[in-house]
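Working notes, structure below.
Where a number appears in this text, it was derived from the coordinates with a stated rule and is not lab data. Quantities reported herein were computed from a predicted structural model and do not represent experimental measurements. When we count neighbours, we look across all protein chains shown, and the Cβ atoms used for this are built from the backbone with ideal geometry, even at glycine.
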Amino acid sequence: MIRMPVILNLLTKSVIIFFAILYSTSLRAKEGMWIPATIKAHEKEMKAMGLEIPIEQLYNKDGTGLNNAVVLFGRGCTGEIISSKGLILTNHHCGYGSVQGLSSAENDYFANGFWAQNMHGEIPCKGLTVTFVRRMENVTDRVLAGISDTLKDAIRDSIIAVHVGLLEKDFMTITHLDATIKPYFEGNQYWVAITETYRDIRLVGFPPNSIGAFGGDVENWIWPRHTGDFSIFRVYAGADNKPADYSSANKPYQADQFFTISTAGYKEGDFTMVYGFPGTTREYISSYELSQVYDITDPVSIAARNRKLDIWSKHMGWTRDNFIKYTSKRAGVANGWKKWQGEMLGLKANDVIGKKQQFEKGFQKWAAADHTLPYANDLLAQMRSAAEAASPLILQDQYNREAALGIELIQQGAAFESVVACFRLGLSQTALHDTLKKVVAGMEGFYKNYDAPTDKDVFISLMVLYFNKCSNSLPEYFTSQYIAHNEDINVWAADVYNTSMLTSIVKVKDFAENATAADSTKLIGDPAWKLYDAINTMRKQKILPGLKDYYGHMHYLDRLYMKAQMAANKNRIFYPDANLTLRLTYGQVKGLDPEGPAKYSFQTNLKEVVALDDSTSDIFKVPKKLKDLYLKKDYGRWGVSGAMPVAFVASNHTSGGNSGSPVLNAKGQLIGTNFDRAYEGTMSDYYFDPTRCRNISVDIRYTLFIIDKFGGAGWLIDEMNIAHPKPNKK
């Protein structure tokens, strides 16, 4: 007779074997977004794959690692320092918003590009920042000291906030730099990042859209790609080389660490690395949460954005003014829209929900047999119950946000809350006038890039979707207005856009300049404001409290589930989900082969770009100068055997936020700039499939060619450190 402890021991061993088999594919695939301070643990594997430099050159506590040449660019991209004079290379689409603020009909940088001919010609970018991560340190023991796993988040978070605040203050005092502590592994670990943020950033080079956005939505998230998706900026610093506000007296940042550029190229199978700031991944969530993504949030967002993008595209084609107003906004909306379509395709093709359900069966057996974490046994049951109860609310609110609040005029109601607040303060006439003037001045950026006729058509299309999908859960004011306009959304839209002051900055300014205290009724009676107020009130009263409770409870369960997963498979080296902190990934140059032998080559070239030329298309129109360079084979020293490489793919694990990331070879030299993922593998935020997941990058030689031969900005090349330069060839 076998004793019960022996049975449990055998059961535990079988579950461990189950986990090992389940994870074996992902381990071979080199998935993972690793904290630089932990990369030493991967040295053996990286060396076996081809790494040629000491691992300490990538990151070290002395502050001399290549992490000091990587920056968080703006609020959600990555950039790399490529000269000792603070030159930054990032993506074209990462610089898009800043360039839009600098562009006009007279200086249309989207159509014509921009190339500074010297440092005096570089243009300040108001509000743009870059942040360096100087050092990272695990502070888990100090943050979680005395806190039990099962302590409820409300209490736990308040204690943690105190610990984090004190620790950050201590680090700032000691280092004289900024310090930010963030949670990892759903709050089971905490790391501090010691950082410096520079505030004087200037535009240096920006290819026209016909290069930097070549292929548009058609090629977005697709391999093969033919896009020169890069732009160039420069960091400026004060006299002490420290961060400073913009001043004409500032000097280029003197960089101790910057990337050497390699023009030696690469071949399939070569070792590569990507340094950057991936934004969000959720690799470890339950099947119940993933089902909400697959069944609710992705399909609803895709359906709503289909309508918006169709209308924006049509109106952008009518006038250049409309194109400039909407090009950056459209790019942002379209980026998620297409990515989610690929994500759903990949999740279905890999049966990821089914794989998670299989994992959960094994996890449940482990939890029943192992009593080191008593709370683990009923985690999945609690997750399932919570998710099923919340899904109807998530569905409704996804339509609220993507359909109703996807209309710009209704969105703008949020900005007018501050205007309404001015009337509630009981200010004197003079004070009211001055306050309104300041508030309205802050709205000019919105109206600079807003077109009411375009938005009116969006209103009509999205309201049709909203009423069709949410007929039983509409805000009462929406229903009454629909009935009042004879159930005709076209008539309703005409009334709203003809009478609302929110459609025009001129109307808003006129109101602000002439308003008296009695005019508050005019404001709160505005039809656009009333639409915003109605949906905002409904969400606050009927939806957001329930969602807040759900996400709060699920965060608590996710944290315990994450800890239990790590306890169940102690032999696995886990990487934390992306959270817009510095990470290093590694893989190989590798063609895309989702269904067997390589479907496409690992590299594209300029010949393919020219072959796609279409003079009738905004997105496939190749500039004449670029075609001339191609026909003459005038590639300077950047071509290879009479060809000009453009882009390539590799198997590095990347995500949103890695846009602009440096792609490095085995020597730590720059060979490209990451800008995309392959459509088939965009589900890598939830599951990494080695046959589908590829990061797409601009070949550095194409970047240098465009700067030098197309942009005529060879002076920039002179300040770069280029390894193995090739002789000039045509």
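A few points about this structure:
- Diffusion coefficient, µm² s⁻¹, Stokes-Einstein with Kirkwood Rh over alpha-carbon pairs of the range 252-348 at 25 °C and 0.890 mPa s: 138 µm²/s
- Under 5 Å from the amide H of residue 195 lie the amide H atoms of 134, 178, 179, 180, each residue being 5 or more positions distant or on a separate chain, with H modelled from the backbone and absent for Pro and chain starts.
- Dipole magnitude (debye, nearest 20) for the chain, charges at Cβ of Lys, Arg, Asp, Glu: 1340 debye
- All lysines inside 16 Å of residue 624 as judged from Cα atoms, apart from same-chain residues fewer than 8 positions distant: 607, 632, 633, 709
- Trypsin sites (Lys or Arg not before Pro) within the range 76-175: DSSP coil, no more than 13 neighbouring Cβ in 10 Å: 126, 152
- Of the chymotrypsin sites (Phe, Trp or Tyr not before Pro) found in the range 168-216, no site is in coil according to DSSP while having at most 14 other Cβ atoms within 10 Å of its Cβ.
- Considering only 238, 58, 206, the residue lying farthest towards the positive end of the dipole of the chain is 58, judged by Cα position with unit charges set on Cβ.
- If only the Cβ of Lys and Arg carry +1 and only the Cβ of Asp and Glu carry -1, the dipole of the range 287-559 around its Cα centre is close to 560 debye.
- Computed [θ] at 222 nm, deg cm²/dmol, the chain (DSSP H ≥ 4; -39,500 (n - 2.57); rounded to nearest 500): -13500 deg cm²/dmol
- Taking a straight Cα-Cα cut-off under 27 Å and skipping sequence neighbours fewer than 8 places away in the same chain, the lysines within cross-link reach of residue 563 are 13, 30, 40, 44, 152, 182, 355, 356, 361, 365, 548.
- At a Cβ-Cβ separation cutoff of 4.7 angstrom, cysteine residues of the chain with no neighbouring cysteine are 125, 422, 470, 693.
- Here the relative contact order of the chain, from alpha carbon pairs under 8 Å that lie six or more residues apart, stands at 24 percent.
- For the range 395-400, the Karplus equation 6.51 cos²θ - 1.76 cosθ + 1.60, evaluated at θ = phi - 60°, returns couplings of 4, 4, 6, 5, 5, 4 Hz by residue, with Gly and Pro reported as x.
- Rounded to whole Hz, the Karplus (6.51, -1.76, 1.60) HN-Hα couplings of the range 177-192, x for glycine and proline: 10, 6, 9, 10, 9, 10, x, 10, 6, 6, x, 8, 9, 9, 10, 9
- Based on C-alpha pairs under 8 angstrom that are at least 6 apart in sequence, the range 287-559 has a relative contact order of 26 percent.
- Projecting the Cα atoms of 482, 527, 554 onto the dipole axis of the range 476-594, where Lys and Arg carry +1 and Asp and Glu carry -1 at the beta carbon, places 554 farthest toward the positive end.
- The chain - convex hull of the alpha-carbon atoms, volume per residue in Å³: 184 Å³
- The Stokes-Einstein estimate for the range 599-652, based on a Kirkwood radius over Cα pairs and taken at 4 °C with 1.567 mPa s viscosity, is a diffusion coefficient of 105 µm²/s.
- Start at zero, step by 10 Å, and the Cα-Cα distances of the range 287-559 spread as 6, 23, 27, 22, 13, 7, 2, 0 percent across the bins.
- Formal net charge of residues neighbouring residue 448 (Cβ-Cβ distance under 12 Å; K, R +1; D, E -1): -1
- Placing pseudo-labels 7 Å out from each Cα toward the beta carbon at residue 614 and residue 197 gives an inter-label distance of 4.2 nm.
- Max-minus-min Cα coordinates of the range 546-678 on each principal axis give 63, 40, 32 Å, with the largest extent listed first.
- Taking 7 Å steps out from each Cα toward its Cβ at residue 540 and residue 372 produces label points 4.8 nm apart.
- Residue pairs exceeding 23 angstrom between C-alpha atoms, taken from 85/126; 507/530; 339/667: 339/667.
- Each of 412, 301, 503 was placed along the dipole of the range 287-559 (beta-carbon charges, centred on the mean Cα), and the one lying farthest toward the positive end is 301.
- Scalar couplings 3J(HN,Hα) for the range 234-248, obtained by applying the Karplus form with A = 6.51, B = -1.76, C = 1.60 to θ = phi - 60°, are 9, 8, 10, 9, x, 4, 8, 6, 9, x, 8, 5, 4, 7, 5 Hz; x denotes Gly and Pro.
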